[in-house]
Amino acid sequence: MQRLESISETSYLSVPNAGIYRKIMRFFYREYEKMHFQLYKEDVFAWLKEENEFAGYTMNQLELDLGALVKWKNLTPIQDPGKVYTIQDYKNKQYRYTMSEYAVEIERLTVRLENLFMESANLSTNFFVRLEKSLEEADMMQDAGLKEVNEWWNLLQEDFKRLNQNYQDYLRDFYSGKTERLMKSVEFVLHKDKFITYLTDFVQKLQHYSKRMEQVLVRQMPVIENTVLEKVVRSELDIPHALLEMNGNLEPDIRENVMGKWDSLKRWFLDTPERECESRKVLKITNDVIRSIIQNAALIVQLQNWGISRKDDYQKFLQMFLKCEKLEDAHRLSAHLFGVQKIQHLKTNSPREADGINSSIYAETPAEFQIRPHTRIYHERKDRRGFSDRTLEKMMQREAYLQSVKKQEETVMRYVKDQKIVFAEIEGTVPEMTKNLFLQWITRANMNAQRSGQTEFGQEYRLLQEEGTCVLKCEDGDLTMPAYILEFR
């Protein structure tokens with residue numbers, strides 16, 4: 001077996017500066033597709049400068065990056081003697097760069113990986129028909145030429161490869177994380193019938209064609225294995241390959257490849273003592289997918305039904321009960337709607353009007369009890385009707401408040417004389433609101449060493465105290481207090 005070593009040509013895909021290297025290699029690949037095999041560094045630099053992200057990119061950086069790609073064998077430098085005009089040009093070594101064979105295949109692979117999910121896989125059964133037709137022609141290949149045998153073999157393997165790849169790509173999506181979440185979403189219920197119909201049709205056709213393919217393989221197996229496969233090996237050897245001829249005898253490798261492909265085709269449709277054929281596994285996997293779709297759809301519908309409000313139904317039942325003129329009619333309606341009920345005896349602490357043991361429960365006066373679930377996650381239902389616009393009411397309340405504040409300020413300021421409020425000189429009855437405001441100002445001033453404060457209306461004041469006391473007549477009684485004086489600034 002050939003020794004497997006690291007491939008240095010793939011290094012540019014995973015290094016820290018991979019974004020720049022991939023840009024350069026993608027440009028080389030696009031030009032390679034246009035048959036522009038050799039490029040100068042000036043061509044690459046001009047193309048990179050068209051990108052906004054390479055606005056600060058310099059020619060020195062490009063030369064270093066090209067050198068790294070040459071080191072990894074992605075690019076092959078070819079010195080251009082036609083552009084050497086001076087000794088300095090010869091020292092600078094003007095190169096043209098071309099992609100290596102490995103680099104071309106790697107870029108081709110990256111392009112295909114980028115478009116992998118854009119290719120739509122399907123469960124087409126046309127490949128079964130084409131495979132059956134090709135196997136039926138095996139008898140004709142005994143007398144056919146090597147070129148015709150090679151074309152028949154390549155067509156057979158291409159159809160088999162497409163069949164195998166398509167079913168794997170299509171069914172693989174159902175086991176990916178995104179599709180599994182999608183199958184459990186409400187939106188998937190709308191499309192479940194389409195998927196089930198498509199998969200069921202594939203299962204039916206697979207059952208039909210797999211049985212026919214099994215019969216064709218059993219019938220044609222002696223001819224193919226004894227005669228045709230040998231001609232296939234000779235047809236492959238008949239095709240000249242310049243590089244492969246240098247490796248010596250190619251027959252063992254080609255024979256192993258042809259026999260391996262034939263065994264894979266047989267194992268797809270024929271059972272072996274060790275394992276069942278691939279077609280039966282595909283049937284089981286497809287049936288599991290159909291079962292999973294149906295179960296997820298049923299679960300989603302069930303969850304939706306749990307969330308449906310039956311308020312309208314209950315209201316209709318209550319209206320029907322209210323229309324019952326007799327208790328016996330209510331019993332019949334209850335039996336019709338709810339069937340046989342499981343009786344539960346509930347005891348309450350409310351007193352009964354009658355203590356007789358023979359009195360019926362229907363003779364009791366109805367009582368209401370609020371029942372709440374005994375769970376920690378229970379919350380009261382919130383009113384989801386929205387809210388009304390109360391901007392006008394807020395403006396009216398704000399205006400009323402400002403008017404009351406203004407009125408209160410006018411009332412208080414009537415007691416100010418010569419920038420002072422002398423409580424001993426106040427005559428008449430003081431309103432309760434005004435009295436409370438005076439006491440707040442006095443308390444506020446007494447709470448600091450400067451014995452000063454500021455009113456709600458913005459005036460600054462200082463609290464003075466004379467000897468003796470005074471009596472302030474208020475609406476709720478007479479208040480005896482020290483002879484304070486509020487002096488405003």
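The values are calculated or read from the model by the stated rules, or taken from the named source; none is laboratory data. Owing to the predicted nature of the structure, the values given are computational and were not obtained by experimental measurement. Note that we place each Cβ from the backbone using ideal geometry, even for glycine, and neighbour counts take in every protein chain shown.
Taken over the range 1-15, the criterion of being of a type outside the set (Ser, Thr, Tyr), modelled with pLDDT of 80 or more and not in a helix (DSSP H, G or I) is satisfied by 7, 15.
Any chance you could count how many residues in the range 137-158 are of a type in the set (S, T, N, Q), under 21 Å from residue 127 (Cβ atoms) and in contact (Cβ under 8 Å) with a residue 60 or more places away in the chain? Of the residues in that region, 2 qualify. Restricting the first member to the range 309-328 and to residues that are assigned to a helix (DSSP H, G or I), and the second to residues that are exposed (fewer than 10 other Cβ atoms within 10 Å of the Cβ), the beta-carbon pairs closer than 7 Å and six or more apart or on different chains are 327/362.
The helices (runs of 4 or more DSSP H) found entirely in the range 16-75 that carry 2 or more residues being of a type in the set (Phe, Trp, Tyr) and under 25 Å from residue 109 (Cβ atoms) are 18-33.
Among residues of the range 357-404 being modelled with pLDDT under 80 and in a helix (DSSP H, G or I), the one that is nearest to residue 347 (Cα to Cα) is 361. Residue-level check: of (1) surrounded by fewer than 15 Cβ atoms within 10 Å (Cβ to Cβ); (2) modelled with pLDDT under 85; (3) over 30 Å from residue 256 (Cα atoms); (4) charged (D, E, K, R), residue 96 misses just (1). When the test is whether a residue is within 25 Å of residue 404 (Cα to Cα) and either in the same structural domain as residue 424 (by TED's automatic domain parsing) or in a loop (DSSP other than H, G, I, E, B) (or both), residue 445 passes it. Quick one: count up the residues across the range 357-399 that are more than 51 Å from the chain's Cα centre (by Cα), free of Cβ contacts under 8 Å to residues at least 12 places away in the same chain and exposed (fewer than 10 other Cβ atoms within 10 Å of the Cβ). Here the count works out to 6. Pairs are defined by a Cβ separation below 9 Å, a sequence spacing of at least 6 or placement on different chains, a first member in the range 333-344 that is part of a loop (DSSP other than H, G, I, E, B), and a second member that is surrounded by 11 or more Cβ atoms within 10 Å (Cβ to Cβ) and modelled with pLDDT of 80 or more; the pairs so defined are 341/334; 341/335. Pairs meeting the criteria (first residue in the range 12-30 and free of Cβ contacts under 8 Å to residues at least 60 places away in the same chain, second residue part of a loop (DSSP other than H, G, I, E, B) and exposed (fewer than 12 other Cβ atoms within 10 Å of the Cβ), beta carbons under 8 Å, at least 6 apart or on different chains) are 23/51.
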